[in-house]
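Working notes for the structure below.
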Amino acid sequence: MEPMTVVSPDRYEEALRCLVGRRRSITMRPMMEQLAAAGRLSEGCLRAVLAADGGFLAVSYMAVAPGRTVTITLSPARRRVDAERCEMLLADSCAALVDWQVDLAQTLLGPGDAVMLDVYLRSGFTPLADLQTMTRAVRRSGRRKPMPAGVTLCAATDEVLPAILDETYIGTQDCPGLHGLRRTEDIVAGHRAGGRVVPELWQTILLDDVPVGCVLMTCAADKVADLAYIGLCPDARGKGIGSAVLSHMMGRLSAKGMRMLRLAVDASNVPARKVYHRMGFRHSDTQRAVIRSIRRMQVEPASGQDVHMTSTPRRSCGG
């Protein structure tokens, strides 16, 4: 068995080059600077399988995000021996995560990347969903679908969001395998970390003054906004509320100078995809999400009470 090691900071550039499959002549300095600026080059984040001469045969990179989630990326496997090394390295990386403050490991793969999918599945990961990225231009003018009677919006705060989100997850068709694998407060933190949060774009949906859902949008670079989440309680579905709220939010995005709205939707969530298509969203990319629970149970230290159970290694990405 070839030895594995935690990559030392002086070899980060070499490890990142192996991770992305770049030639030696191409510098990875800009990537290193970006990761360091984002706080994503912490001790132990890069691990490697070593060759006899001390070079790197395979590399894993673990990027922790708010919401107790970690994304594990592996160097590409082009041969069977590469896949075996990646599998060994992935097992080692997941074992190291037991001491990290994370609940969920995830990765995104190309839909046709059967070799790497097999590596993750053989290492205890479970398929979550094929996530379709969809985009739509935000127009300065145009018709906005009127809100159904009794539907209003108000600010969504971290105090009220967890209870609302829990209701919207009931019977959801969007990545249902994620349900119950993280505390809802951590999911909110993950959504907040997706971009710049503007209060006018972070809203609770009310029906006759009763909270029935929420819409959460964040602002990215280049005047692009991301739909971090939109969800409704079961009794509020099928009434045109979701599409009306999105149409209304387009006006708010325009007022904020946004030019495009981007979202990711579970390919198996046919009702949502139909709504997005009717609203002018177009499919631009697909990635396959796979996940693994890092801890089977979370215990509140102060009380000793179980607050989070993950009895099977399911569901990142999501927020």
Can you find a residue in the range 6-20 that is at pLDDT 95 or above, crowded, with 18+ Cβ neighbours inside 10 Å and either under 30 Å from Gln132 (Cα atoms) or touching an Asp or Glu at 6+ places or on another chain (Cβ under 9 Å) (or both)? yes
So, in the range 35-82, exactly how many residues are surrounded by fewer than 16 Cβ atoms within 10 Å (Cβ to Cβ) and farther than 22 Å from Gly110 by Cα? 15
Those residues that are small (Gly, Ala, Ser) and outside any loop (DSSP other than H, G, I, E, B), I need them from the range 47-100; list them, please. Ala48, Ala58, Ser60, Ala63, Ala65, Ala83, Ala91, Ser93, Ala95, Ala96
Determine whether Gly257 is among the small types (Gly, Ala, Ser) and surrounded by fewer than 17 Cβ atoms within 10 Å (Cβ to Cβ). yes
If you go through the range 211-226 one residue at a time, do you hit one that is modelled with pLDDT under 95, within 16 Å of the chain's Cα centre (by Cα) and not polar (S, T, N, Q)? yes
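The values are calculated or read from the model by the stated rules, or taken from the named source; none is laboratory data. For clarity, every value in this text was computed on a predicted model and none was experimentally measured. Ideal geometry is used to build each Cβ from the backbone, glycine not excepted, and the neighbour counts take in all protein chains shown.
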